[in-house]
1. Measure off, as a whole percent, the carbon and sulfur share of the 1.4 Å-probe accessible area of the chain, all protein chains present.
2. Per the Kirkwood treatment, what hydrodynamic radius in Å, one decimal, follows for the chain from the mean inverse distance over all distinct Cα pairs?
3. Please compute the per residue accessible area over region 71-222 with all protein chains in place, 1.4 Å probe, rounded to a whole number of Å².
4. Principal axis extents for region 209-259, Cα atoms only, whole Å, descending order, please.
5. How big is region 7-111 on each of its three principal axes, counting only the C-alpha atoms and giving the largest first in Å?
6. With a 1.4 Å probe and every protein chain left in place, tell me how much accessible area LEU137 has, in Å² to the nearest 10.
7. For a quick check of your reading of the filter: which GluC sites (Glu not before Pro) in region 200-275 sit in a DSSP loop and have no more than 10 other Cβ atoms within 10 Å?
8. Kindly give Rg over Rh for region 147-192, based on alpha-carbon atoms, with the Kirkwood expression for the hydrodynamic radius.
Amino acid sequence: MNVVRIVDDGGDGASFLEADGEVLPNGDINAFRHLTGVNVRSDDILVSAYPKSGSHWLMEIIHFLLAGSLEVNDLQKMATMIDSSPETSYRDLPSPRLLNTHLRLEQLPADVLKKKVKLICVLRNPMDVAVSYYNFLRVLAFTDYNGKWGNFFRPYFNGKFCYGSWFDHTRHWEEVKRDNPDHPILTLFYEDFKENPMREAIKLRHFLGVDRSDDFVKQICEYCDFKSMRKRKATTEMGKYSFRKGEVGDWKNWFTVAQKEWFDQLYQEKMADLPIKFRYTLND
Ligand code: A3P
């Protein structure tokens, strides 16, 4: 296993795995190495999100929309994460399989594009992502990270940690959308879901092409509400760590004025030419 220790601005380290220049979480590194050879079905549904963008939440909603019932087992998100789970853990799932990734398109099987696999891109404002990511690193035993926020956020936004830069990831997927206008891709924002989960879940219903009543969609939204989901998942390994606050705007409790100015300038440099706009509070 190729463990790397990534050091923040204060000299505190965080452990990850490294393969082919990519800094990865503690998963099955062979799954990553063999990913391009994985068999993809044309009716697979692939959720693409940078870590901590809310993919557990949205995938759970998609899972119940596809199932058409709440009386089924909860989704096993980690088993369907193709970056770090062996193909055997999702190979035999019935169609349509709901899979997820934090990687870039060129790291995935070529058939994702060729077979026009439905893609759902989940986005969240980068300041809340950074705060969520920081807190997540600090509770994961494998990373063994005890750094301070003030020493974390710069190397984080410069892409030193696991899955690299939020800017590069977001720009990459925006370019994929621009360059593949005929590919079925739905973009959803965490903040929009917080504002009006029903409205956003109906977009998902339409994109997935499933016939579910408004009443059922409402039931799903309630069942997958932050408190209810946190309680339901409390006993699972990831569930213990993946439901922290579930809010828009927690960044205000972390970023100093100077840190925010630094971030704003970096955002301008990296993203100003892209048409996408993020909401940093629900009033934006
Ligand atoms: P916070 O750390 O800000 O609370 P991911 O699922 O991509 O790892 O993202 C995790 C983030 O989504 C965490 O953010 C988590 O609390 C939040 N989240 C998880 N389930 C949620 C839900 N049902 N409603 C709102 N936010 C949720």
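1. Ligands and nucleic acids excluded, carbon and sulfur give 49 percent.
2. 19.6 Å
3. 43 Å²
4. 49, 26, 18
5. Extents along the principal axes, in whole Å: 50, 29, 20.
6. Answer for LEU137: close to 10 Å² accessible.
7. Of the GluC sites (Glu not before Pro), the ones in loops of region 200-275 whose Cβ has at most 10 other Cβ atoms within 10 Å are GLU237.
8. 1.13
The values are calculated or read from the model by the stated rules, or taken from the named source; none is laboratory data. Owing to the predicted nature of the structure, the values given are computational and were not obtained by experimental measurement. Glycine gets a Cβ as well: all are built from the backbone with ideal geometry, and neighbour counts include every protein chain shown. SASA here: full protein model, heavy atoms, side chains in, ligands and nucleic acids out. Shrake-Rupley method; radii C 1.70, N 1.55, O 1.52, S 1.80 Å.
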